[in-house]
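Engineer: Below is a structure I'd like to ask you about.
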Amino acid sequence: MTERLNRRMLLAGTAALAAGTVWPRRSIASLAKVVEGTLTALSLTERIAQLFLVPVASTALTAEEETWLRTAKPGGVLLLGSNMGTPEEIATLIAAIRATNPDVPPAVAADQEGGLVTRLPGDPAPGALELGALPDEEVAAYARQRAEFLTDYGVTVNLAPVADIAWTPDSFMAGRSFGSDPATVADKVAAYLRGAAGVDVAHCVKHFPGHGRGATDSHVALPIVDLSLEEWRATDGVPFAAAVAAEAPMVMLGHLLYPQWDARPASLSPEAVRVLREDLGFAGAIVTDDLGMEALAAYGPLETLDLAFAAGVDWFLYAILPLPPRDLIDHLARRVERGDIDGADIDDRVRRVLAVKLGAGAG
């Protein structure tokens, strides 16, 4: 308790130094108006920049990073293991990131699943493997503790929980999944989201349409899941349907090839997005897994970005940047200016991103 209170005091001090906008909780009824007002104030380039989640190198911003964050104004920054110093260093880094755009501060995202994938030190909740064996009420309570722990640091997006089913002991998601049974995983995902609701950190369910079959790691190769849409609905799709019903604000697309759906990985697939939007009824923000992963090595960096955009992705996530962020942003801006992309399409995606950033904890 003392450590948590000390962290709250530290965060309050660093936030004052940041002098950035602190977005209050707001009702769903008022969120659309706030989003529209924020969108209207942004230039085309600034709107496109909101669609990017990008990394920084270390435990403190370099002068170069501070400059491009202030000028490019990306929608969010992804915290990685290399950013994890002491609690004081982490809180100071987050405050510095958010201070680079006082008008529309970047989201600060982390993979805080717990267990095998833990970024910030001191997490009070166990990982999914342990949570999967607990009653739903305890899962919800732990999810709230983790969400509050993240807000103490200033993290505003958690790239969790995992909705993948670890079908076999050699599954790549073994140790990161709530279990091997679709109904159990669905119940725990829904309980987790219920527990985290109302806390000012948005949660992202992953890795749609499911990364639990097989041992292939999408960081190094493209997993292939030979599953029909009908089979998926009855199995791997069950936890994602539960997540949508539980009003998850974000869903992450995995780099997973479902050849019976599309010839492209799900993260670049219009069909995967269609299933998520139309079949499951998801209306929130869709984010990719890291677009720098080796699973997408067959595509060039700008081709990857173009295909992800064409698929219908809202937020482009990079843990490994293939090009400077400004080059990626300018590429899409040029396509809008040439008429290849409709500006209204950009605006719709920015609205969904801003709804996540400004609406975390809305009730």
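Laboratory data are not the source of any read-out in this text; all were calculated from the coordinates shown. Note that the coordinates shown come from a computational prediction; the quantities given were computed from them, not determined experimentally. With ideal geometry, Cβ positions are generated from the backbone for all residues, glycine too; neighbour counts draw on all protein chains shown.
Engineer: What residue among 222, 291, 302 shows peak mean-square fluctuation when the chain is described by a Gaussian network model with Cα springs under 10 Å?
Structural biologist: 302
Engineer: Please list, or write none, the lysines whose alpha carbon is within less than 17 Å of the alpha carbon of residue 188, excluding same-chain residues fewer than 8 places away.
Structural biologist: Straight-distance partners of residue 188: 206.
Engineer: Tell me which lysines have Cα within less than 17 Å of residue 357's Cα, excluding those fewer than 8 residues away on the same chain?
Structural biologist: Filter leaves 33, 73.
Engineer: What percent antiparallel are the DSSP beta bridges of the chain, to the nearest 5?
Structural biologist: In the chain, DSSP labels about 5 percent of beta bridges as antiparallel.
Engineer: Oh, and also: Taking amide H atoms as placed 1.01 Å from N in the peptide plane, list the residues 5 or more away in sequence, or in a different chain, whose amide H sits under 5 Å from that of residue 205.
Structural biologist: When sequence neighbours closer than 5 places are left aside, the close amide H contacts are 250, 251, 252.
Engineer: Restricting to DSSP H runs of at least four residues, report the calculated mean residue ellipticity at 222 nm for the chain, -39500 (n - 2.57) per run over all residues, nearest 500 deg cm²/dmol. Let's see the in-between values first.
Structural biologist: Details: 14 runs with 158 residues, N = 363.
Dividing the helical sum by the residues of the chain leaves -13500 deg cm²/dmol.
Engineer: Another question, if that's okay. At what distance in angstrom do the alpha carbon centres of the stretch 299-357 and the stretch 214-234 lie from each other?
Structural biologist: After rounding, the separation between the Cα centres reads 25 Å.
Engineer: In the chain, with Lys and Arg counted as +1 and Asp and Glu as -1 at Cβ, which of these residues, 235, 69, 54, has the Cα nearest the positive end of the dipole, that is, farthest along it?
Structural biologist: Going by the Cα projections, it comes out as 69.
Engineer: Per q in 0.06, 0.08, 0.09 Å⁻¹, report the Debye log10 I(q)/I(0) for the chain, using one uniform scatterer on each alpha carbon and no solvent.
Structural biologist: After summing over all Cα pairs, the log10 values are -0.19, -0.35, -0.45.
Engineer: Which whole-number percent gives the relative contact order of the stretch 266-335, counting Cα pairs below 8 Å spaced six or more residues apart?
Structural biologist: Values: 70 pairs, mean separation 28.2, N = 70.
Answer for the stretch 266-335 is 40 percent.
Engineer: In terms of modelled amide H atoms, which long-range or inter-chain residues lie less than 5 Å from the amide H of residue 176?
Structural biologist: none
Engineer: When the distances between all Cα atoms of the stretch 215-363 are binned every 5 Å from zero, what whole-number percent does each bin get?
Structural biologist: 2, 9, 17, 22, 21, 16, 10, 4, 0
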